[in-house]
Amino acid sequence: MSDDVQDIVGDYRYGFHDPEDATIRFDKGLSEQVVRDISELKNEPEWMTDIRVKAYRHFAERAMPDWGNCQMLNAIDFDAITYFLRSSKGTENDWEDVPEAIKNTFDRLGIPDAEQKWLGGVTAQYESEAVYHSIREDLEQQGVLFFDMDSGLREHPEIIKKYFCSIVPYTDNKFAALNTAVWSGGSFIYVPKGVHVEMPIQAYFRINSKNMGQFERTLIIADEGSSIHYIEGCTAPTYSTESLHSAVVELIAMEGASIRYSTVQNWSVNVYNLVTKRGIAYKNATIEWVDGNIGSKLTMKYPAVILKGEGAHAEIISVAYSGAGQHQDAGAKIHHLASNTTSRILSKSICKNGGRSSYRGLLRVSPKARNCRSKIVCDALVLDSNSQSDTYPTMEVGNSSADLEHEASVSKVSGDQLFYLMCRGHSEDEAMGLIVNGFFEPFTRELPMEYAVELNRLLQLEMEGSIG
Amino acid sequence: MSAYLEIPIPPTSEHLWRYSPWKRVHPAAVNTIPKAQPLAISGGDLFKAVIRGSDEIARSFIHSIAQCQELVLANEDLVIDIKASGHVAAGELKIVAKGHCTLVINLMGEASWAGLRVVGEVLPASSLSIALINELSRESRILRVEDWLVGKDASLELSTLSAGGSYCKSDLRVVLSAKGSEFRGAVASHGTGKRHDDHHFEIQHAAGYTTSGLTIHAACDDNSRAIATGLLKIDSDCDGSNAGQIFRNLLLSEKSRADSIPELEVLSDDVKAAHGAASAPISVEQLHYLMSRGLAKSSAEALIVEGFLMDAFIKDIRSQKVVAAMRTALLSHLDCLVS
């Protein structure tokens, strides 16, 4: 590894990569033909090809966003990215059938082990497509559909056609258009009426190649009175050139349903992470986004919930860590379209070594939505004078019955807290790690224990050397 | 400095212009520079002055149609009246404060459109407390832009009672330029009818050990809309800064609207920065308390609105003269509404 790359890698423990062994690799760059080729390769129905082509045309015409970190955004070279790469012959249901090198990668990431212990199902995506997929038999017997998105489209095109692009249309933003044009992989889940999926279902996304684009598409539909917890994790090797991850996630929670979508994003610091996530909650439904952003060069991600049915509830908990060269531009959006809907947003961020973290949020109460309640809390810790923390919240209240609160604060780690812990025998680094773990505790307590432990460990690694 | 017509029209994606686009703020077509009557300012010793233009569109526009006058305050308390008459009225005012001063500005008149640009400086170790009482006619539209520089160990208080005019856009910017400088801003906005009141604040902490606080209280009735946007920026190497913003909205009718965007940009680590925003209807408990003591519902509501609006000044504004001026003006405004 060169010194330059070592500088970038730092303590990132997932920065290793396998030799590339692609079965199909498209040339770099994007054109309408590339979009048609992806669709043809996957043998997709004509309606999907049409959506892809329309989305591509929209992407080509649409200007880059003129807000956010424009300098970083404009540095993306769309012609230098590989838009499709197939690494295995198909999606396997047994880890033993997954190509050895890829299996080793997921072993090192601990996925098969976790699956055995505490997951209801797993999709492992490597580059553009899923290489492994499984679901517990009892869930299958209850009628739960869990596929990688490509298989879902083949097996249940009628459901996908009904809901695909219904929550995030390709006209939503430039990167949603890009994803719709070249999407590959992701998860499709349908939970039937009244079924509660007790164990979380996990998807793990891994980019291995240089200058790779990963564009997974996830659609989760929880039918009336059902519930599901979905977890996604992401890592990538560290290269000196950039990769692009641009996903779209659509959640549909029918009456009385509940969806929790947890993310621990730990991309390496050469990955642009530009993601559109949105859910719609019908009557008395609940959607929760639990969103942790630790890695990536630039993250722009604002999980959104449209509260469309009376009594619906949304909860968004997000944490972000920004180190050297990173900008975590994360936030949350909630649209109260129906009466008696409630929401809560909790955002926490830490920046150090010149990193920048931004909270960008929108809370909108439509004029016809009566008696809505919402509370937003944003807390930021700035650990040194080279770092920056921003808060850009927007509240738009369309009628008099709404009860909304927003509060935000930016501060540094208090000397008193450090002193207290050091008096009890901790080193400065340990004390700082403990304080940071405590700061993020409202997030980690929402994760399954294995994830929370791993996250705490990762944060502790990131915080080493924060003092002095 | 660019001439007004050379400046591109700002897009509504800029949050400064998101809720009150420039084409609605401008008195006529945006590519025209109408003739304006000067604002009639009385009550102080004013001198002709020249201030620089600006690359910012609103400032540049007023600069292109207005004449500038200078007011120097030295250890004094002053009340001035600014009257806007005619179709379009505009003026620029340069204010310099030395020592400890208060200034009450009564903005009145029936002009269809009024533009006021203030460029002010509070000299080191001085203090200035300003009360601006907007009593323009209910048909007027107003554009108000202000730029303040606060010197070392100096303090500026900027209080606004915004009750006049039908379409109001204010863009107020303060730079805390040296150690020990302090800013306290307070706005009470009362919306009735179809009143549109948009306040934008930019507070820049350009030096360490500076303090700022901003409170905006908006009570919105009928079809009115209140907008409060604020950018609180703490530059790098400004340790010891302490900044806070509170935006509160009281929604009094079904069709009233309130939008709040309190933004923070913090580039230093050893600082305290916080903001809060809240929107809610009148508390049923408060209404019940007052009505159980014999007040009619309308009187109880009026009392709550008065208390809510005055609260913007009472907590943060130290000058009792300014607080008293605000109380008198607010009571008079509310009495007029009732009668």
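Miscellaneous remarks
- Meets criteria (crowded, with 24+ Cβ neighbours inside 10 Å, more than 7 Å from chain A (Cβ to nearest Cβ), in contact with a Leu (Cβ under 8 Å, 6 or more places away or on another chain) and in contact (Cβ under 8 Å) with a residue 40 or more places away in the chain) for B:Ala243: yes
- Identity of the residue in the stretch A:196-227, part of a loop (DSSP other than H, G, I, E, B), touching a residue at least 40 places away in the same chain (Cβ under 8 Å) and of a type outside the set (A, V, I, L, M), that ends up farthest from A:Tyr132 (Cα to Cα): A:Asn211
- Of the numbered criteria (1) of a type in the set (Phe, Trp, Tyr); (2) modelled with pLDDT of 95 or more; (3) under 21 Å from A:Ala124 (Cβ atoms), the one A:Trp267 fails is (2).
- Elements of type strands (runs of 3 or more DSSP E) in the stretch A:239-346, at least 3 residues being touching a Lys or Arg at 6+ places or on another chain (Cβ under 7 Å) and not assigned by TED's automatic domain parsing to the domain that holds A:Thr218: A:313-322, A:327-336
- Flag if B:Ile282 is at the interface with chain A (Cβ under 7 Å from one of its Cβ atoms) and of a type in the set (Val, Ile, Thr): no
- The helices (runs of 4 or more DSSP H) found entirely in the stretch B:13-66 that carry 1 or more residues being polar (S, T, N, Q) and surrounded by 16 or more Cβ atoms within 10 Å (Cβ to Cβ) are B:57-65.
- Residue match in the stretch B:285-293 (condition: of a type in the set (D, E, K, R), out of contact with any Ser or Thr (no Cβ under 6 Å at 6 or more places or on another chain) and surrounded by fewer than 19 Cβ atoms within 10 Å (Cβ to Cβ)): yes
- In the stretch B:146-179, residue farthest from the chain's Cα centre (by Cα) [restricted to those that are closer than 16 Å to B:Val88 by Cβ and either polar (S, T, N, Q) or surrounded by fewer than 24 Cβ atoms within 10 Å (Cβ to Cβ) (or both)]: B:Ser166
- Of B:Gly294, B:Gly230, all but one fail to be in a loop (DSSP other than H, G, I, E, B), more than 10 Å from chain A (Cβ to nearest Cβ) and of a type outside the set (A, V, I, L, M); the exception is B:Gly294.
- Only listed residue being away from every other protein chain (no Cβ under 14 Å), surrounded by fewer than 24 Cβ atoms within 10 Å (Cβ to Cβ) and at pLDDT below 95, chosen from B:Gly208, B:Gly193: B:Gly193
- Residue identified as touching a residue at least 24 places away in the same chain (Cβ under 8 Å), out of contact with any Phe, Trp or Tyr (no Cβ under 9 Å at 6 or more places or on another chain), more than 13 Å from chain A (Cβ to nearest Cβ) and among the hydroxyl-bearing types (Ser, Thr, Tyr) among B:Ser319, B:Ser299: B:Ser319
- Listed by position, the strands (runs of 3 or more DSSP E) inside the stretch B:81-196 whose residues that are polar (S, T, N, Q) and farther than 23 Å from B:Arg18 by Cα number at least 1 are B:100-109, B:127-134, B:155-162.
- Scan of the stretch B:253-289 for residues that are assigned to a strand (DSSP E or B) and either at positive phi or of a type outside the set (A, V, I, L, M, F, W, C) (or both), ordered by number: B:Arg257, B:Asp259, B:Ser260, B:Pro262, B:Glu263, B:Glu265, B:Lys272, B:His275, B:Gly276, B:Ser279, B:Pro281
- Any hit, the stretch A:314-324, residues being within 25 Å of A:Gln265 (Cβ to Cβ), crowded, with 21+ Cβ neighbours inside 10 Å and within 9 Å of another protein chain (Cβ to nearest Cβ): no
- Some residue of the stretch A:400-422 being over 21 Å from B:Leu267 (Cβ atoms), at the interface with chain B (Cβ under 7 Å from one of its Cβ atoms), of a type in the set (A, V, I, L, M, F, W, C) and crowded, with 21+ Cβ neighbours inside 10 Å: yes
- Whichever residue in the stretch A:199-217 is touching a helix residue (DSSP H, G or I) at 6+ places or on another chain (Cβ under 9 Å) and either at pLDDT 95 or above or of a type in the set (D, E, K, R) (or both) and, among such residues, is surrounded by the most Cβ atoms within 10 Å (Cβ to Cβ): A:Glu216
- The set of residues in the stretch A:364-423 that are part of a strand (DSSP E or B), hydroxyl-bearing (Ser, Thr, Tyr) and farther than 29 Å from B:Ser224 by Cα comprises A:Ser389, A:Ser409, A:Ser411.
- Residue satisfying condition, being over 23 Å from B:Arg195 (Cβ atoms), at the interface with chain A (Cβ under 7 Å from one of its Cβ atoms) and among the hydrophobic types (A, V, I, L, M, F, W, C), within set B:Leu267, B:Leu251: B:Leu267
- The lone criterion from (1) aliphatic (A, V, I, L, M); (2) within 14 Å of chain B (Cβ to nearest Cβ); (3) farther than 30 Å from A:Asp172 by Cβ left unmet by A:Val98 is number (2).
- Just so you know, in the stretch A:230-245 the residues that are touching a Ser or Thr at 6+ places or on another chain (Cβ under 8 Å) and modelled with pLDDT of 90 or more include one that is nearest to A:Asn74 (Cα to Cα), and it is A:His245.
- A:Ile280 hydrophobic (A, V, I, L, M, F, W, C) and either surrounded by fewer than 21 Cβ atoms within 10 Å (Cβ to Cβ) or out of contact with any helix residue (DSSP H, G or I) (no Cβ under 8 Å at 6 or more places or on another chain) (or both): yes
The values are calculated or read from the model by the stated rules, or taken from the named source; none is laboratory data. Just so it is clear, the structure is predicted and the values come from calculations on it, not from any experiment. Positions of Cβ are backbone-derived with ideal geometry, glycine not excepted, and every protein chain shown enters the neighbour counts.
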